[in-house]
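A.B. asks: Quick one: the structure is below, and I'll ask about it shortly.
The values are calculated or read from the model by the stated rules, or taken from the named source; none is laboratory data. This structure is a prediction, so every number in the text was calculated from the model and none was measured. Don't worry about glycine lacking a Cβ; one is built from the backbone with ideal geometry, like all the others, and counts go over all protein chains shown. Areas reflect the complete protein model, heavy atoms only, side chains present, ligands, DNA and RNA absent. Shrake-Rupley method; radii C 1.70, N 1.55, O 1.52, S 1.80 Å.
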Amino acid sequence: MRSPYIVRRPAENIYLVRRRDRRRRRELVGVATAVVLVAAGLLAYTSIHVEMLSTGYRIDELSRELHRLQQEERHRQLQISRLTGPEHLENRARRELEMEYPTLEQAIFRSEVAR
Amino acid sequence: MKHRRLRVLVTLLAVWMVLIVLRLYDLQVRRYDDYSRRAEQQQQRVVKLDPPRGTIYDVRGRELAVSVEVRSVAADPTVVADPAATATALAGVLGLDRDKLGRDLSADRAFVWVKRKLDPPEVESVRALELEGIFTLPESKRYYPLGSLAAQVLGYVGTDNDGLAGLEFLYQDVVASTPGRRTVVRDARFDTALYPGLEVEEGKPGQSLHLTIDGAIQHVAERELERAVASSGARAGTVVVMDPQTGAILAMASRPTFDPNHFRASPREHWRNPAVMDVYEPGSTFKMVTLAAALEANVVDPLEKIDCQMGGITVLGAKISDHKPFGELTTREVIARSSNVGAIKLGLAAGRDRLFTTIERFGFGRPTGIDLPSESAGLLRPLARWSDVQPAYVSFGQALSVTALQLVNSFAAIANGGELLKPHVVAEIGNGEERRRWRGRESVATPIAPSSVIQVRSMLESVVLDGTGKTAAIPGYRVAGKTGTAEKAFKGRGYVDGKYVASFVGFAPIRDPAVVCVVALDEPWPAYHGGEVAAPVFAAIVAKALLYLGVEPDRERSLPWPRAEPASASAEVA
């Protein structure tokens with residue numbers, strides 16, 4: 001619409017500004033910082049706690065595994081003790097290798113070797 | 001209007017937040033202790049730590065007694081849905097009384113034992129049944145991997161791992177472990193985790209015992225004893241092998257014996273250790289003490305002959321005879337041929353006071369002090385209560401009782417040059433770096449002068465060279481010893497015909513004795529003389545022991561080298 005009373009000018013919104021409320025902004029920053037800090041702290045605490053618990057599970061699991069392996073080793077050692085016992089060895093030596101107790105004539109003493 | 005609604009909303013919100021804060025205060029501050037405690041109970045569990053009982057090793061480090069973890073079966077009757085069916089299933093697998101088990105599983109309790117300390121195949125059988133309310137728990141079990149080897153020395157433990165006999169009993173405080181406890185957190189799935197700050201009380205494993213017993217010599221002693229008891233028809237037998245220079249016991253065997261892994265399967269009397277608990281009249285083996293007393297009293301003239309009165313003597317109305325008639329014998333021959341009459345004359349010549357003192361100084365009439373439980377002191381009347389004829393009887397080994405250990409210990413004094421030592425079985429105690437010496441060479445008395453020792457040794461060698469103990473000869477080594485054939489006295493019946501204790505005690509090699517050994521067979525029959533049944537066992541054991549220990553044969557050999565023909569059993573046995 002053309003009119004001598006209408007002046008067309010480009011809108012320059014830069015002149016339309018909201019007045020900054022510095023105080024509220026400071027409050028906002030403060031609260032946000034506090035919230036972030038607290039949240040970060042809680043998160044850190046929680047994650048440490050979870051990590052500790054997780055490590056605790058792992059330690060307990062490893063501890064039980066270690067115990068199991070130790071007992072297994074003990075049982076094996078027991079078997080070795082039994083199999084290397086004098087009676088078992090003698091029986092096997094006689095039966096499988098047809099061995100007998102040595103006589104004095106079969107023994108070689110160190111002093112005789114030295115001579 | 002808009003603002004009013006907002007104000008109401010904010011007010012309600014504020015009230016709600018205040019209520020929450022109050023509630024939080026109530027839960028987390030006011031009732032902190034109560035909820036903390038409940039949380040702990042729910043989330044934490046105390047786990048018992050059960051370190052193993054100390055291991056018992058022989059002198060070469062062989063394990064004689066060890067503790068291992070096994071599983072025991074238990075039940076929670078409150079969870080068992082069908083006690084009867086569960087009992088039937090378990091009884092079939094574990095060999096239990098079904099009715100009793102059924103009653104246990106119906107009990108108004110949260111925990112009952114079903115069977116404790118099972119072998120792995122049994123545990124797997126129970127697990128395979130997948131029965132509700134039935135679970136397994138770890139427990140410590142004592143194993144003796146070499147079975148009945150040195151059983152009476154080691155002893156055994158009960159179900160709760162308390163020592164009940166032998167070394168297990170005497171050293172209970174040493175080998176028993178100290179339980180610990182650890183608190184862990186538990187989640188909803190009953191998984192557990194360690195958490196810092198929770199209570200941990202570390203237990204302590206039991207200390208190990210390191211014995212002087214040598215498993216190889218023990219095995220030889222047991223095997224030879226077993227053969228001897230079987231072949232001689234004896235009802236029992238005992239062997240003790242000792243290092244005369246230190247008092248260390250190398251072997252201690254008895255028959256009958258038992259397996260400590262299943263001790264309840266054997267009669268209670270087999271659990272005893274006769275070598276230290278049972279007494280018997282030593283008979284002619286005691287003539288060594290009489291000889292020592294006579295030498296100390298300076299009444300022995302090596303050139304003089306003793307009239308043995310052709311095998312019979314009457315002392316204050318008591319008639320005592322020899323096993324065969326002897327005429328005049330030197331002191332050496334009295335010992336070699338084992339004349340009772342000759343020994344009586346030596347004893348009477350020494351005098352009752354000297355005789356008694358010598359007997360005491362050789363350790364008779366009191367325990368040796370060995371570290372084994374229930375040791376007998378033997379039976380020796382105080383001198384004040386000796387009858388007039390007592391010295392005569394004591395001179396040839398009657399009217400007093402000794403243990404096999406006392407006898408071998410007295411001969412060890414002759415072997416080592418005249419010192420009576422305290423025998424011991426445990427040399428060291430402790431694990432790893434904490435291992436420390438426990439018992440060693442400990443002199444108790446000097447019953448005989450070194451000069452007398454030389455004469456006694458020489459005369460004891462005569463027993464083996466050309467006396468009643470020829471079957472104790474070991475080719476390549478000089479052996480000294482004494483045979484014994486003692487009549488057995490029974491309460492209320494006196495001496496009974498045909499009941500004897502046949503024994504031989506001796507040492508080798510003479511120049512530097514490495515081994516002293518006693519063999520005693522209870523009621524052998526029909527052969528019953530010590531020279532016939534006990535002396536060969538001594539030779540069999542000691543020959544192997546000397547070779548095993550690397551003891552070089554004597555250079556001043558009494559028997560030709562190489563090996564001479566085996567000596568046949570002599571008619572002159574006593």
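A.B. asks: Restricting to region B:334-350, what's the tally of residues that are more than 38 Å from the chain's Cα centre (by Cα) and either more than 16 Å from B:Glu304 (Cβ to Cβ) or of a type in the set (D, E, K, R) (or both)?
C.D. replies: Residues in region B:334-350 being more than 38 Å from the chain's Cα centre (by Cα) and either more than 16 Å from B:Glu304 (Cβ to Cβ) or of a type in the set (D, E, K, R) (or both): 1 in total.
Matching residues to (1) more than 7 Å from chain B (Cβ to nearest Cβ); (2) farther than 22 Å from B:Asp58 by Cβ; (3) surrounded by 11 or more Cβ atoms within 10 Å (Cβ to Cβ):
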| position | (1), (2), (3) |
| --- | --- |
| A:Gln71 | no, yes, yes |
| A:Leu78 | no, no, yes |
| A:Arg92 | yes, no, yes |
| A:Glu96 | yes, yes, no |
| A:Ser111 | no, yes, no |
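A.B. asks: I need the full set of residues from region B:80-92 which are among the small types (Gly, Ala, Ser) and either under 13 Å from B:Glu122 (Cα atoms) or open to solvent by less than 40 Å² (accessible area, probe 1.4 Å) (or both), in order please.
C.D. replies: Initially, region B:80-92 is screened for residues among the small types (Gly, Ala, Ser), giving B:81, B:84-85, B:87, B:89, B:91-92.
Within region B:80-92, B:Ala87, B:Ala89, B:Ala91, B:Gly92 meet the criteria.
A.B. asks: A follow-up question, please. Give the residues of region B:223-238 that are open to solvent by 10 Å² or more (accessible area, probe 1.4 Å) and within 14 Å of chain A (Cβ to nearest Cβ), sorted by residue number.
C.D. replies: Hits for region B:223-238 are B:Arg223, B:Glu224, B:Glu226, B:Arg227.
A.B. asks: Moving on to the next point. Search region B:461-482 for residues that are within 14 Å of another protein chain (Cβ to nearest Cβ) and pair each with any residue that is assigned to a strand (DSSP E or B) when their beta-carbon atoms are under 9 Å apart and the residues are at least 6 apart or on different chains.
C.D. replies: B:Ile474/B:Ala508; B:Tyr477/B:Ala508; B:Arg478/B:Ala508; B:Val479/B:Gly506; B:Val479/B:Phe507; B:Val479/B:Ala508
A.B. asks: Now, a different point. Of all residues being closer than 17 Å to B:Gly54 by Cβ and within 14 Å of chain A (Cβ to nearest Cβ) in region B:207-218, which is nearest to the chain's Cα centre (by Cα)? Just the residue, please.
C.D. replies: Pass one, region B:207-218, residues closer than 17 Å to B:Gly54 by Cβ: B:207-213.
Now narrow it down to the ones that are within 14 Å of chain A (Cβ to nearest Cβ): B:208, B:213.
Numbers: B:Ser208: 16, B:Ile213: 10 Å.
This residue is B:Ile213.
A.B. asks: Something else: If you go through region B:531-548 one residue at a time, do you hit one that is at pLDDT 85 or above, within 14 Å of another protein chain (Cβ to nearest Cβ) and assigned to a loop (DSSP other than H, G, I, E, B)? Quick ask: steps written out before the conclusion?
C.D. replies: Initial filter on region B:531-548 (at pLDDT 85 or above): B:531-548.
From what's left, within 14 Å of another protein chain (Cβ to nearest Cβ): B:539-548.
Still in the running and assigned to a loop (DSSP other than H, G, I, E, B): none.
So far as region B:531-548 goes, no, none of its residues is at pLDDT 85 or above, within 14 Å of another protein chain (Cβ to nearest Cβ) and assigned to a loop (DSSP other than H, G, I, E, B).
A.B. asks: Scan region B:433-451 and tell me whether some residue there is open to solvent by 40 Å² or more (accessible area, probe 1.4 Å), in contact (Cβ under 8 Å) with a residue 12 or more places away in the chain, β-branched (Val, Ile, Thr) and farther than 17 Å from B:Pro274 by Cα. Before the answer, list the steps.
C.D. replies: We begin by selecting, within region B:433-451, every residue open to solvent by 40 Å² or more (accessible area, probe 1.4 Å); these are B:433-439, B:441-444, B:446, B:450-451.
Next cut, in contact (Cβ under 8 Å) with a residue 12 or more places away in the chain only: B:434-435, B:438-439, B:441-444, B:446, B:450.
Narrowing further to those that are β-branched (Val, Ile, Thr): B:444, B:446.
Now restrict to residues that are farther than 17 Å from B:Pro274 by Cα: B:444, B:446.
So far as region B:433-451 goes, yes, one or more of its residues are open to solvent by 40 Å² or more (accessible area, probe 1.4 Å), in contact (Cβ under 8 Å) with a residue 12 or more places away in the chain, β-branched (Val, Ile, Thr) and farther than 17 Å from B:Pro274 by Cα.
A.B. asks: Based on this model, can you work out whether A:Glu51 counts as out of contact with any helix residue (DSSP H, G or I) (no Cβ under 6 Å at 6 or more places or on another chain), of a type in the set (Asp, Glu), in a helix (DSSP H, G or I) and open to solvent by 90 Å² or more (accessible area, probe 1.4 Å)?
C.D. replies: Details: out of contact with any helix residue (DSSP H, G or I) (no Cβ under 6 Å at 6 or more places or on another chain): yes; of a type in the set (Asp, Glu): yes; in a helix (DSSP H, G or I): yes; open to solvent by 90 Å² or more (accessible area, probe 1.4 Å): yes.
In short, yes.
A.B. asks: Can I ask one more? Got a sec? Which of B:Gly147, B:Gly158, B:Gly163 is open to solvent by less than 50 Å² (accessible area, probe 1.4 Å), closer than 30 Å to B:Ala275 by Cα and within 14 Å of chain A (Cβ to nearest Cβ)?
C.D. replies: Working: B:Gly158 fails: within 14 Å of chain A (Cβ to nearest Cβ); B:Gly163 fails: within 14 Å of chain A (Cβ to nearest Cβ).
After ruling out the rest, the residue left standing is B:Gly147.
A.B. asks: Looking only at region B:326-366, filter to residues that are part of a loop (DSSP other than H, G, I, E, B) and in contact with a Leu (Cβ under 9 Å, 6 or more places away or on another chain); which one of those is surrounded by the fewest Cβ atoms within 10 Å (Cβ to Cβ)?
C.D. replies: B:Arg366
A.B. asks: Would you be able to say whether some residue in region B:101-121 is within 38 Å of the chain's Cα centre (by Cα), at pLDDT 90 or above, basic (Lys, Arg) and farther than 25 Å from A:Arg68 by Cβ?
C.D. replies: no
A.B. asks: Would you check which residues across region A:80-90 are within 8 Å of chain B (Cβ to nearest Cβ) and open to solvent by less than 80 Å² (accessible area, probe 1.4 Å) and list them?
C.D. replies: Within region A:80-90, the subset within 8 Å of chain B (Cβ to nearest Cβ) is A:81-82, A:84-87, A:90.
Listed by number, the residues that qualify are A:Ser81, A:Thr84, A:Gly85, A:Pro86, A:Glu90.
A.B. asks: Further question: State which residue pairs qualify: first residue buried (at least 24 other Cβ atoms within 10 Å of the Cβ) and inside region B:399-421, second residue assigned to a helix (DSSP H, G or I) and of a type in the set (Phe, Trp, Tyr) in any location, beta carbons under 9 Å apart, and separation of 6 or more residues or different chains.
C.D. replies: Listed pairs, sorted by first residue: B:Val402/B:Phe286; B:Leu407/B:Phe286; B:Ser410/B:Phe286.
A.B. asks: Just the residues that are assigned to a loop (DSSP other than H, G, I, E, B) and open to solvent by less than 30 Å² (accessible area, probe 1.4 Å), please, taken from region B:93-144.
C.D. replies: Initial filter on region B:93-144 (assigned to a loop (DSSP other than H, G, I, E, B)): B:95-97, B:106-111, B:119, B:130-133, B:144.
Matches in region B:93-144: B:Ala107, B:Gly133, B:Tyr144.
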